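Chemist: Next up is a structure, given as structure tokens.
We did not get these values from a lab; they are worked out from the coordinates using the rules stated. Computed from a predicted structure; not experimentally measured. Ideal geometry is used to build each Cβ from the backbone, glycine not excepted, and the neighbour counts take in all protein chains shown.
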Amino acid sequence: MSKVFFDVGISLDGFIAGPNAGPKNPLGDGGIKIHDWMFKQKAFLQHLQLEGGETNNQDNDIIERIFKRIGANIMGKRMFEEGEANWPEKAPFGVPVFVITNEHREPWVRPGGTTFYFTNGDIRTALEKAMETAGEKDVRISGGASINQQYLNAGLVDEFSIHIAPIIIRSGVRLFEHLDKSKFSLKINSVIHSPMVTHLFYTIKNTV
């Protein structure tokens, strides 16, 4: 059965993006450094149809497993707008992406297998469409933080993983704000570390 999950990088002090984020400054001031570990891995570069990168390490293996399980993505309009300006040729997904927005827009087809579909409903409507598209694979809630929080509070997330970079940003967008802790509890599945990042994997028990 398909699962719903999210997978994000954060700073040690809990931010997924720095301040002043926008289309001209993706991930905000200093936010791109959260993902330095990922940019060095062959699995990530290969996903973008680029050469090079490191392999035969746990970081690379984790990226491979995550990409293989994704059948569809969901994201909010703000995250899409920040990315759209920086995806002139390709988008780094390779599977359909459902964008939650009030905007009426035709699907945006990008080279490399990514098509963006613009859904004019609530989070459950977007999830239904993504689950149908994903088939036997899983649906990734790709963010931003507000969308992840909405799905958590609605009891619609089964698992999540976070990748903690050893950096301090001090301000920006926090991952774990505006949550109703009465709606779910967490179980640690595994913790894996490398010289550049610590990977935490959780299962969620929903109470809603």
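Chemist: Among the residues of the range 27-54 satisfying the criterion of being surrounded by 15 or more Cβ atoms within 10 Å (Cβ to Cβ) and of a type in the set (S, T, N, Q), which is farthest from Ile168 (Cα to Cα)?
Modeler: Only one residue tops the list, namely Gln46.
Chemist: Out of everything in the range 178-203 that is part of a strand (DSSP E or B) and touching a Lys or Arg at 6+ places or on another chain (Cβ under 8 Å), what residue ends up being surrounded by the fewest Cβ atoms within 10 Å (Cβ to Cβ)?
Modeler: Only one residue tops the list, namely Lys187.
Chemist: For the range 45-63, give me the residue count where each residue is out of contact with any strand residue (DSSP E or B) (no Cβ under 7 Å at 6 or more places or on another chain) and in contact (Cβ under 8 Å) with a residue 40 or more places away in the chain.
Modeler: Within the range 45-63, residues that are out of contact with any strand residue (DSSP E or B) (no Cβ under 7 Å at 6 or more places or on another chain) and in contact (Cβ under 8 Å) with a residue 40 or more places away in the chain number 4.
Chemist: I want to confirm something. Restricting to the range 95-126 and keeping residues that are among the hydroxyl-bearing types (Ser, Thr, Tyr) and part of a strand (DSSP E or B), which single residue is surrounded by the fewest Cβ atoms within 10 Å (Cβ to Cβ)?
Modeler: Out of the qualifying residues, it is Thr115.
Chemist: Among what's in the range 132-148 and is surrounded by fewer than 18 Cβ atoms within 10 Å (Cβ to Cβ) and within 16 Å of the chain's Cα centre (by Cα), pick the residue that is nearest to Phe93 (Cα to Cα).
Modeler: Among residues in the range 132-148 that are surrounded by fewer than 18 Cβ atoms within 10 Å (Cβ to Cβ) and within 16 Å of the chain's Cα centre (by Cα), the one nearest to Phe93 (Cα to Cα) is Lys137.
Chemist: Is there any pair with a first residue in the range 85-113 that is within 17 Å of Phe67 (Cα to Cα) and a second that is acidic (Asp, Glu) whose Cβ atoms are under 9 Å apart and which are 6 or more apart or on different chains, and what are they?
Modeler: Ala91/Glu84; Gly112/Glu89
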